[in-house]
Amino acid sequence: MTPPTSISGTLVTVAPTGAESAKADVPSLPVTVEEVVATARDCQRIGASVIHLHVRDTETRPTLDLARVREVVAAVREATDLVVQLSSGGAVTDPFEARLAVLDAEPDAASLTLGTVNFGRDVFSNPWHLIVELNTQMQQRGIVPEYEVFDLGQLATLTRLLDRHGPPHGGHVHVDLVMGVPGGMPGTAQALTACLPFLPEGATFAATGVGRTSLPVMLAALSAGGHLRVGMEDTLTYAPGEPVRDNAQLVARAAGLARIAQRPPLSTDDARSFLGIKPMEAVR
Ligand code: KMH
Ligand code: ZN
């Protein structure tokens, strides 16, 4: 199945939790199974079609524990039609083996970061051998990767990966430009535009603006025919001095901008065909 790469709607991905913020610091961060499910349900209703999941344990700490990951995946699948995209990035402290093992939870999709990057004061490590192993395992397991790009050079790595190891499962290359991370590319229209010539032929892209870059990155992405990722993983301030109320508020803003751009949010069915992911009934 070769999904359409020129699609008029906007893929809206919600990244509700992440691995960095503490529940104690951000009370509205969804960390329990019930909170994640409620968030997923609300965000689908408002226009999200993909959820990028980092899982928290019963103590609200980031975890890659497979039983817990499976529990959250099953609960989100039970309550929504969202494309379930597990993070293979986890937290910067997670060992490669645990990051690879999340694929055992059989998500529809998973993130695949294309290089090591300074991540604030930390280092988010993604050596070539891990990239190849994640890519190969996703191909073998029928999991669609979302290629995460924190810097321009990681797009050259994507081209090298595709040349040497072939196309992803589903046949469509979709990239998420992760912008505004202290250590990665800036979250600006100039940086986004600089990346576009280096996208592989036929690839589509979304953009994530971290922190206060969320709004300019959304506007730049929409103007360039790109798609959107928003959520409390990446942004905790809605406007200067105004904390984000919840993930639904961020998804509502993204869906609203998409409609203004005459590219309304994609349905979950359209998102699956766009990304080359098997239909919902096949995963239930
Ligand atoms: N939490 C970051 C260290 C991903 O999910 O693939 C890595 C991250 C990327 O969030
Ligand atoms: Zn993530």
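Read the figures in this text as sums done on the coordinates, not as results from a lab. None of these values were measured; they are calculated from a predicted model. Here the Cβ positions follow ideal geometry from the backbone for every residue, glycine too, while neighbour counts run over all protein chains shown.
Using a Förster radius of 25 Å, what is the FRET efficiency between Arg41 and Leu66 based on their Cβ-Cβ separation? Nearest 0.05, please.
Values: r = 24 Å, r/R0 = 0.96.
With a Förster radius of 25 Å, E is 0.55.
Once the convex hull of all Cα atoms in segment 148-284 is built, its volume per residue stands at 122 Å³. For segment 1-129, the mean projected area of the C-alpha convex hull, equal to one quarter of the hull surface, is 9.4 nm². Relative to its residue count, segment 12-279 spans a Cα convex hull of 112 Å³ per residue. Projected onto their three principal axes, the Cα atoms of segment 231-284 cover extents of 44, 27, 13 Å, largest first. Once C-alpha pairs closer than 8 Å and six or more residues apart are averaged by separation and normalised to the residue number of segment 1-83, the relative contact order reads 35 percent.
Which order do the peptides 237-247, 166-176 come out in when sorted by mean C-beta neighbours inside 10 angstrom, highest first?
Values: 237-247: 13.8, 166-176: 20.1.
In decreasing order of mean packing, 237-247, 166-176 become 166-176, 237-247.
For the peptides 204-210, 59-65, residues were scored by their other Cβ atoms within 10 Å and the scores averaged per peptide; the highest-first order is 204-210, 59-65. Based on C-alpha pairs under 8 angstrom that are at least 6 apart in sequence, the chain has a relative contact order of 24 percent. Here the Karplus relation 6.51 cos²θ - 1.76 cosθ + 1.60, evaluated at θ = phi - 60°, turns the backbone of segment 137-142 into coupling constants of 5, 5, 4, 5, 9, x Hz, with x for every Gly and Pro.
Electrostatic bookkeeping for Leu275 treats Lys and Arg as +1 and Asp and Glu as -1; over the other residues with beta carbon under 14 Å from its beta carbon, the sum is -3.
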